[in-house]
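Derivation of every value follows stated rules applied to the coordinates shown; laboratory data play no part. As the structure is a prediction and not an experimental result, all values here were calculated from the model. Don't worry about glycine lacking a Cβ; one is built from the backbone with ideal geometry, like all the others, and counts go over all protein chains shown.
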Amino acid sequence: MNKIILSTFCICIFPFFSFGQLDTIHALREVEISAKKIRKQSLGAQNQKWKIKDLAKIAAQNISELISSESGIFIKSYGSGSLATSSIRGGSAGHNLVLWNGFSLQSPILGLLDLSLLPLNSVEEISLQKGGNSAILGSGAIGGVIGMDSQPSFGIHRSLDVKSTIGSFGNYNQELKIGYGGLRIYGVTKVFHQQGENNFKYFVAPGFPKRQQTNAEVSQLNVIQDFYWKMGQNNQVDFHIWQQFSNRNIPPTNVQTKSIANQIDRSTRLMVDWKNINETYVIQGKVGFFKERLDYRDNAISLISLSDFSTLTSEFNVQKFWKNKHKILGAITHSLTMANNDGYTESPIENRSAIQLSYFFQKNNYKFQTSIRQELVDGNLIPLVPSLGFDYSIFSWFKFQGKVSRNYRIPTLNDRFWNSGGNKNLKPESGWSEEATISNPFTIGKSNFEFSITAFNRNIDNWILWAPAQGQPFWSAFNVSKVWSRGLEPRFSFFYKSKTTENSLAIDVKIGYDFIKSTNEVAMELPRREVGEQIIYVPLHQAFGRATLSWKNIVLSYQHSFTGKARGQFGDINSYHIGNIRMQYFTGWKKYKSTIFLNIKNSWNVNYIVVERRPMPGTHFQLGIKFSFNNFLNTIKT
Amino acid sequence: MKKLFTFLLTLSSLLVIAQTTSDFENYGIPVDSVLNGSDGVHNFNSGNISLFNEYFPSWGGWGGWVISASTDISTAGYTNDFSSITGGGVDNSLTYAVAYAPYGSIIKLENDAQGEIVNGVYVTNGTYAFLSMTDGDGFAKKFGGATGDDEDYFLLTIKKYLGGTISSDSVNFYLADYRFADNSQDYIVDEWTWVDLTSLGQADSLEFSLSSTDNSSNYGMNTPAYFAIDNVITSDGLVAVENVEPKSLFEIYPNPTTDFLILKKLEQERAEVSIFDMTGRLMSNNSLNNFKNEINIHNLAKGTYLVKVQTETKVASQLLIKQ
């Protein structure tokens, strides 16, 4: 996060500055932007970023909806308001890393994160790095990394954003964002509340009446406080606090009469980030404390399942630069996790320590980056993981990128400590991945085009599966499988803007297709696996497209996604097309701006499922209004 | 029943293929209690069979068999994994056995029953499986599916071992069957049902395995792998028993009767009572654990029946009229 702070600051605020005023900050910006490249990007791999303030054209309410519609990432959604996890390039949910300001949000108990619990506006920027990045970011960065980054808006004296949305199935969202500060301090308070009945009617079978979903109520409250403080010319300290409460009923499957199950998630996340920024080096230290509690109850079966964990993570890194050609980074990280779970006989404590080195070289039209990481988990060495990436702009209209890396995932606490079946002797899943991309950006008049195609290959050994233990009536975790994933990801984008003024006509088109072959390489009886068989919940074909038309105060956007047939637990899951429409009108007067929008989701009223037995809603609507007020400091404006 | 035993008359005694009923009442456990191995006992014996149990103290789980007197037929889910959907044993007896059989469960024949034919066993669903098939749960489907038209079944397959070799022949019993074109005929077994095992022939042990139409590639069968048994009737080979006058061995009253009869055992020896219809078909079989026993016969059609009481050394029969 920290490395983006100043760059964002510059992007947001610089137009208002006179150039003579802030030489120091200008200098810091360059240093900071350079530093950012080492860890925030995965050189040679494919990265996407979304500024939240620019997302008016997308009909997404949370991060899972954004990623699903904009990137071709397969989101395994259990239904409206229910659990949603990601699968990137044929991996499982545990093979993706979700970072909040650089620290992992993944539950060490489950090894995954419910993306439906992440409101879109909880941070200022969301990024997606596809491909392995364990050499820089550690365990779990195998399929890809979703980054959530908070960024300050120094120079805003007062700002207010209020947003309210009403939707089908009794859904209401309210958002409040209050910013305050000056040139050296900036604070922002964000409050998000969501509630919904989700009592949609879904298709059962031809000739049968629709069935109404029950016990699907959700409510969620997020309170986030960010505070940024520049101390002197070189130091900056950031504070982040994120309090989350989610109360969800768990709806029945479409082959279950009823459900009265309920799940409550509570989390508290605290982070302090300090950095000292100089012309030739940056020193950074940060500490995070995450505490989460999950309370699942199903009174129908007298089941109460409680679990919680606390993680204290710290990182210290030094980045050194030489004339913007050579850059090195050295980082030490440590995390201490303590967990409790009804399913464990002990309260495990997990210590992870890692040392990481990166070297970056840039000259003329090529860049090169290599990294290496060694991690120690409870005294056991994890395989050494290196990576090597390059970016070569052969011509201004033709670029070649590539990356080779070794990546790993440490077993979850459930894999290690669940009673019975947890296996403390599990090895980490690990393997090599390779990818290469050619891209062809070009401009014709006012139109910008880019074609690109990425090919990737990845092998993961020691893939952890739960299987029947020999001679025992329960299952255990074993390092039994191997998975080979490979694929092609062609992309096309087009952008046209008639004028540079606000009243211009703009057309923004993005199209992508993913071919992902992800196969089991070890045959097993149970769980049933055949060699060469596509792993479950990974469609072979996926495609997405979005076209946005902006003219004066109006934005019209249409998103379309195609998800091909996939194998499920019980058989094949049919392919489906989903369309989303967004219409938006905004108006402003001086410092005030208001926006009205309408989302029509699943606009073709398609009957589909993502996860077997979990019905999805047909066409539904979201109508919202947003009011914004921004008062920049007068001293900055002059 | 004519097929089941052969009478060989001698001067004052006869040779019969004796039968032993394993009804688990010998454990005498209180109502709503269970023997799940937590007391360290992992081998249950009743009549001439033995059942094996595994217990995992660290999480309270068990495998194999438990001896149960649970009456809970309403609690869904795995926390109620040792009750039968009948809430008791055959003919309202207290005790029965429940198997958790994800990979098969074994009944071993002991003593005189080893190597002999097994007559049969009463079977019903476990409550966990019954309610799961009726309503579905987070893992398993409601049988019939969303429309009621899915052709689901939950099948118990019984094979025998003899001389260390498993038989290719098997007896199949559908604990639930939704394959009927007319959905009103679909059923999930909710009462004790006799399963004749004589076709398997001589055996050293029996293997019970379950299969279902509800399977996932990751977890195998989703339907909870539980079923319950009671009154396993084994043959004990030819034994000589003295054919005696009924009044020297037992008394029954009232006779004629309607819904029940009282059977007084006059000897201390362990005894069994069998009721046959006039075609020789076995209608019920119970151990006589007390001197005075009440036997429920409300399920029997009106007519004349033969009540046979047999100890290890004596046998006597008397006609009974149900009005």
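The simple Förster model, with R0 at 25 Å and r as the Cβ-Cβ distance, assigns A:Phe494 and A:Ser393 a FRET efficiency of 0.75. All other residues whose Cβ lies under 11 angstrom from that of A:Lys230 are scored, Lys and Arg at +1 and Asp and Glu at -1, for a net of +1. For segment A:466-478, 3J(HN,Hα) computed residue by residue from phi via the Karplus equation (6.51, -1.76, 1.60; θ = phi - 60°) reads 8, 9, x, 7, 4, x, 10, x, 9, 9, 9, 8, 9 Hz, glycine and proline entered as x.
From the alpha carbon centroid of segment A:195-265 to that of segment B:259-302 is 61 Å. Treating the Cα atoms of chain B as identical point scatterers in vacuum, please give the log10 of the normalised Debye intensity I(q)/I(0) at q = 0.12 Å⁻¹, two decimals. Calculated log10 I(q)/I(0) at the listed q: -0.86.
If R0 is 56 Å, the Cβ-Cβ spacing of A:Lys446 and A:Phe245 corresponds to a FRET efficiency of close to 0.70.
Within straight-line reach of B:Lys247, meaning a Cα separation under 18 Å, sit the following lysines at least 8 residues removed in sequence or on another chain: B:Lys264, B:Lys265, B:Lys292, B:Lys308, B:Lys314. In whole angstrom, note down how far apart the Cα centers of segment A:397-412 and segment A:120-185 are. Comparing the Cα centres of segment A:397-412 and segment A:120-185, I get a distance of 25 Å.
Here each label is just a point 7 Å from Cα along the line to Cβ, and for A:Trp551 and A:Asn340 those points are 6.2 nm apart. At the listed q of 0.21 Å⁻¹, the Debye profile of segment A:483-638, built from one uniform point per Cα, gives log10 I(q)/I(0) equal to -1.30.
Applying 0.36 nm per residue to the separation of A:Gln233 and A:Thr280 and subtracting their alpha-carbon distance, the gain on full extension is 15.5 nm.
Neighbours of A:Phe456 by Cβ distance under 14 Å: Lys/Arg scored +1, Asp/Glu scored -1, total +3.
Taking each residue as 0.36 nm, the span from B:Thr304 to B:Ile262 lengthens on full extension beyond its C-alpha to C-alpha distance by 13.5 nm. Assuming charge only on the beta carbon of Lys and Arg (+1) and of Asp and Glu (-1), the dipole of segment B:48-155 about its Cα centre is about 200 debye to the nearest 20.
In terms of the Cα gyration tensor, with a ≥ b ≥ c the square roots of its eigenvalues, is chain A rounded because a/c is under 1.5, prolate because a/b exceeds b/c, or oblate? Taking the square roots of the gyration eigenvalues as a ≥ b ≥ c, chain A is rounded. Cross-link partners of B:Lys302 among lysines, defined as those whose alpha carbon lies under 20 angstrom from its own and excluding same-chain residues fewer than eight positions apart: B:Lys322.
Between B:Ser170 and A:Val287, the distance separating the two model label sites (each 7 Å from Cα on the Cα→Cβ line) works out to 6.3 nm.
For segment B:221-234, backbone phi angles converted through the Karplus equation (6.51, -1.76, 1.60; θ = phi - 60°) give residue-by-residue couplings of 6, 7, 4, x, 8, 10, 8, 10, 10, 7, 6, 6, 9, 10 Hz, Gly and Pro being listed as x. Taking a spot 7 Å from the Cα of B:Asn243 along the direction of its beta carbon, which residues of segment B:304-323 have an amide N less than 20 Å from it? Residues passing the 20 Å test: B:305-320. Label-to-label distance, B:Asp32 versus B:Asn111, with points set 7 angstrom from Cα along the beta-carbon direction: 3.4 nm.
Largest GNM mean-square fluctuation among B:Ile262, B:Ile85, B:Ile106, using chain B with Cα springs under 10 Å: B:Ile262. Taking a Cβ cut-off of under 10 Å around A:Val218, the surrounding Lys, Arg, Asp and Glu residues balance to a net charge of -1, with basic ones at +1 and acidic ones at -1.
Shape class of segment A:67-195 from the alpha-carbon gyration tensor: oblate, with a/c at 1.5 or above and b/c at least as large as a/b. Once backbone amide H atoms are built at 1.01 Å from N, B:Leu94 has B:Gly89 as its partners under 5 Å, excluding neighbours fewer than 5 places away on the same chain.
Calculated [222 nm] ellipticity per residue, helices only, for chain B: -1000 deg cm²/dmol; basis is -39500 (n - 2.57) per DSSP H run with n ≥ 4, divided by all residues, nearest 500. Near A:Asn423, the amide H atoms lying under 5 Å from its own belong to A:Arg416, A:Phe417, A:Trp418, A:Ala477; only residues 5 or more places off or on other chains count, and H is placed 1.01 Å from N. Listed by chain and number, the lysines whose alpha-carbon sits under 17 Å from that of A:Lys53, ignoring those within fewer than 8 places in the same chain, are A:Lys163, A:Lys177, A:Lys190, A:Lys591, A:Lys593, A:Lys626. The mean of 1/r over all pairs of different alpha-carbon atoms in segment B:101-230, once inverted, gives a Kirkwood hydrodynamic radius of 15.5 Å.
For chain A, the 222 nm mean residue ellipticity estimated from helices alone, with every DSSP H stretch of n ≥ 4 adding -39500 (n - 2.57) and the total spread over all residues, rounds to -2500 deg cm²/dmol.
When chain B is treated as a Gaussian network with alpha carbon springs shorter than 10 Å, the biggest mean-square fluctuation among B:Gly64, B:Gly104, B:Gly164 belongs to B:Gly164. Using 1/(1 + (r/R0)^6) with R0 = 51 angstrom and r between the beta carbons of A:Ser219 and B:Asp196, what's the FRET efficiency to the nearest 0.05? Efficiency computed from Cβ-Cβ geometry: 0.35. Which pairs break 25 Å Cα to Cα here: A:Lys363/A:Lys510; A:Lys482/A:Lys517; A:Lys76/A:Lys130? Beyond 25 Å: A:Lys363/A:Lys510.
3J(HN,Hα) along segment A:388-401, derived from phi through the Karplus expression 6.51 cos²θ - 1.76 cosθ + 1.60 where θ = phi - 60°, amounts to 9, x, 9, 9, 10, 8, 5, 9, 5, 10, 8, 10, 10, 10 Hz, with x in place of Gly and Pro.
What is the list of residues in segment A:535-562 whose amide nitrogen lies under 15 Å from a point 7 angstrom out from the Cα of B:Asn218, following Cα to Cβ? Once the point is set 7 Å along Cα→Cβ of B:Asn218, A:535-539 turn out to lie under 15 Å by backbone N, inside segment A:535-562. Scanning residues 5 or more positions from A:Tyr608 or on other chains, those with amide H under 5 Å from its amide H are A:Met616, with H placed 1.01 Å from N in the peptide plane. In terms of its alpha-carbon gyration tensor, segment B:162-266 comes out oblate; a/c meets the 1.5 threshold, while b/c is at least as large as a/b.
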